[in-house]
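Below is one structure; the comments refer to it alone.
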Amino acid sequence: MSTSGRSTETVIEIRNLSKVYRDFWGRPKVKALNALSLDVRKGEVFGLLGPNGSGKTTTLKLLLGLLFPTEGEITILGRSAADVAKNERIGYLPEESYLYRFLNAYETLDFYGRLFDMPASQRKERSEKLLDLVKLAPQARHRQLKEYSKGMTRRIGVAQALINDPDLVMLDEPTSGLDPLGNRDMKDLILDLKKQGKTVLMCSHLLADVQDVCDRIAILYGGELKVMGRVDELLKAQDETQILSSKLSDEAIRDIEAVLKKHGADMLKVDQPTANLEDLFLKTVQESRDRPGHRTVKDGAAS
């Protein structure tokens, strides 16, 4: 842990990672990732952003060992990504949850618990705890998943991703299909996972959600890293300064540059105003189109 309170222990290390998809004859077809390098630190919520086709899903599959890189190295939880044993410490929620439609919530979690060789008593206790955690209504827990709405399916998908009490949780579009209340519950759950000391890597197109929960983000475009850093630092308007004061009269506003204190107003805050993550995202995509080699990395790493 650094003196600033930020963890310096890395859970994911990606170095010069490239992935080329080839056609039937082995010819290069699509370069999904190009020389990607980034770290995800222990206990943080890290957002991986980018438009469709930017390489987010490819990155997740490479981390899980479902794909093999063309070039570069990945270390995850101290092991190579190709080491399947490391997946016992990972929870994964894909963008589309592939669950057995004819099982109910309890049977679903019991099935995944068996995959981790959990004893029956532990599976039962863990299932009850997780269904409460994701706030799946008690009357829905004995119904077959084929009767679930998309939001309910998302909740049970998150529960199965946490059945093994993972150290690293990877969430692909975790709030997809949730109503505003469910969306808030999901964000609270992610923040709770962070409080428990878990590391969360999430992908999302809902930029307001990312801004609410993520400590750091990386924005990909065309398979390349374009922006990385702490959310609060990236969103600061570097060329502007704002002054926040108590309520002022019209006369005080006219004279504010010279006589703010004379009119009895307290200077409460001097800071750089921030944009929002959606503005940063759209600006990054546009700049990536206009200036292919341009990138901004504000990592905020402790020296």
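The values are calculated or read from the model by the stated rules, or taken from the named source; none is laboratory data. If you're wondering where the values come from, they're calculated on a predicted model, not measured in any experiment. Cβ placement follows ideal geometry from the backbone for every residue including glycine, while neighbour counts extend to all protein chains displayed.
Looking across segment 102-154, the residues that are closer than 25 Å to N87 by Cα and of a type in the set (A, V, I, L, M, F, W, C) come down to L103, A105, L109, F111, L115, F116, M118, A120, L130, L131, L133, V134. Pull up segment 57-98, narrow it to residues that are of a type in the set (S, T, Y) and farther than 19 Å from D165 by Cα, then point me to the one that is surrounded by the most Cβ atoms within 10 Å (Cβ to Cβ). Ranking the qualifying residues of segment 57-98, first place goes to T59. For segment 18-41, indicate whether the set of residues that are farther than 27 Å from L234 by Cβ, in contact with a Phe, Trp or Tyr (Cβ under 6 Å, 6 or more places away or on another chain) and either at pLDDT 95 or above or not aliphatic (A, V, I, L, M) (or both) is non-empty. Checked segment 18-41: at least one residue is farther than 27 Å from L234 by Cβ, in contact with a Phe, Trp or Tyr (Cβ under 6 Å, 6 or more places away or on another chain) and either at pLDDT 95 or above or not aliphatic (A, V, I, L, M) (or both). Listed here are the strands (runs of 3 or more DSSP E) enclosed by segment 1-113 that have at least 3 residues being of a type in the set (A, V, I, L, M, F, W, C), closer than 20 Å to S204 by Cα and free of Cβ contacts under 8 Å to residues at least 40 places away in the same chain, and there are none. Screening the candidates Y100, Y106, Y112, Y92 for the property of being in contact with a strand residue (DSSP E or B) (Cβ under 7 Å, 6 or more places away or on another chain), hydroxyl-bearing (S, T, Y) and modelled with pLDDT of 90 or more yields one hit, Y92. Scanning segment 117-165 for residues that are within 15 Å of Y98 (Cα to Cα) and among the acidic types (D, E) yields one hit, E147. Restricting segment 199-235 to residues that are of a type in the set (K, R) and modelled with pLDDT under 95 leaves a set whose member that is surrounded by the fewest Cβ atoms within 10 Å (Cβ to Cβ) is R230. Looking at segment 192-199, can you tell me whether even one residue there is touching a helix residue (DSSP H, G or I) at 6+ places or on another chain (Cβ under 7 Å) and either within 27 Å of E96 (Cβ to Cβ) or in the same structural domain as E287 (by TED's automatic domain parsing) (or both)? Scanning segment 192-199, I find no residue that is touching a helix residue (DSSP H, G or I) at 6+ places or on another chain (Cβ under 7 Å) and either within 27 Å of E96 (Cβ to Cβ) or in the same structural domain as E287 (by TED's automatic domain parsing) (or both), so the answer is no.
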